[in-house]
């Protein structure tokens, strides 16, 4: 099996981050193809991604002639292909809960996504403080995440949300990056969880690559005018 994962910029692409860190953390074999984001009609990105993804979006997992797109669909495909790898936790009830939380992350928390886009290289605590003060929906999103994490960690005893690192933690990894970039308030237990996710080898590898990109895309940067600005 020769798997290839097509992704976008590591500093910005939260959707790409999810399957990449999952596969890296679990030691699943794959190669990557990174496409620099450029969403203008007719751009190199648009032309290349159209050859891989019917949706025109990344990430896309390629297994020979088969293309699997969307992080949750990729996680399910990996679970089927590597059933002993720990993509999802063992036990039907725990798996169902993990999938429910992953799906909630996948489809929800729009205010946090919109006001705090992933930007691993940046440090924006002042922006985070302003967003926190002005955006009640962001505070509500964070409260829900805090509660979900607390319940999961209490049920399983950690260190991750379903015990060992799984697709559930991969789904929340970009959220952890947002909490670091914007220094949003968290409970002590959630803050410790964020640090554990950030320290996981698969996540560390992604962060290292994101910092090494030395790329600045103005359309991904609502709060800065340059990489170090």
**Request:** Identify all residues within segment 46-60 that are at pLDDT below 95, over 20 Å from residue 215 (Cα atoms) and crowded, with 18+ Cβ neighbours inside 10 Å; write none if there are none.
**Result:** 52, 53
**Prompt:** Just a yes or no: is a residue in segment 23-45 in contact with a helix residue (DSSP H, G or I) (Cβ under 9 Å, 6 or more places away or on another chain), closer than 25 Å to residue 164 by Cα and buried (at least 21 other Cβ atoms within 10 Å of the Cβ)?
**Reply:** yes
**Request:** Answer yes if at least one residue in segment 49-71 is part of a loop (DSSP other than H, G, I, E, B) and in the same structural domain as residue 154 (by TED's automatic domain parsing), and no otherwise.
**Result:** no
**Fill in**
Given the conditions (1) surrounded by fewer than 16 Cβ atoms within 10 Å (Cβ to Cβ); (2) at pLDDT 95 or above, every one holds for residue 1 apart from (2)
**Asked** Hey, does segment 97-119 have a residue that's touching a strand residue (DSSP E or B) at 6+ places or on another chain (Cβ under 9 Å) and surrounded by 17 or more Cβ atoms within 10 Å (Cβ to Cβ)?
**Response** no
**Request:** Might you let me know whether segment 83-91 holds any residue that is modelled with pLDDT of 95 or more, farther than 19 Å from residue 72 by Cβ, surrounded by fewer than 20 Cβ atoms within 10 Å (Cβ to Cβ) and in contact with a helix residue (DSSP H, G or I) (Cβ under 6 Å, 6 or more places away or on another chain)?
**Result:** no
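Do the conditions hold for residue 5, that is, is it in contact (Cβ under 8 Å) with a residue 12 or more places away in the chain, within 17 Å of the chain's Cα centre (by Cα) and in a helix (DSSP H, G or I)?
no
Taking segment 39-69 on its own, how many of its residues are farther than 23 Å from residue 168 by Cα and without any contact (Cβ under 8 Å) to a residue 60 or more places away in the chain?
19
The values are calculated or read from the model by the stated rules, or taken from the named source; none is laboratory data. Everything numeric in this text was worked out from a predicted model, so none of it was measured. All Cβ positions, even for glycine, are placed from backbone atoms using ideal geometry, and neighbour counts span all protein chains on display.
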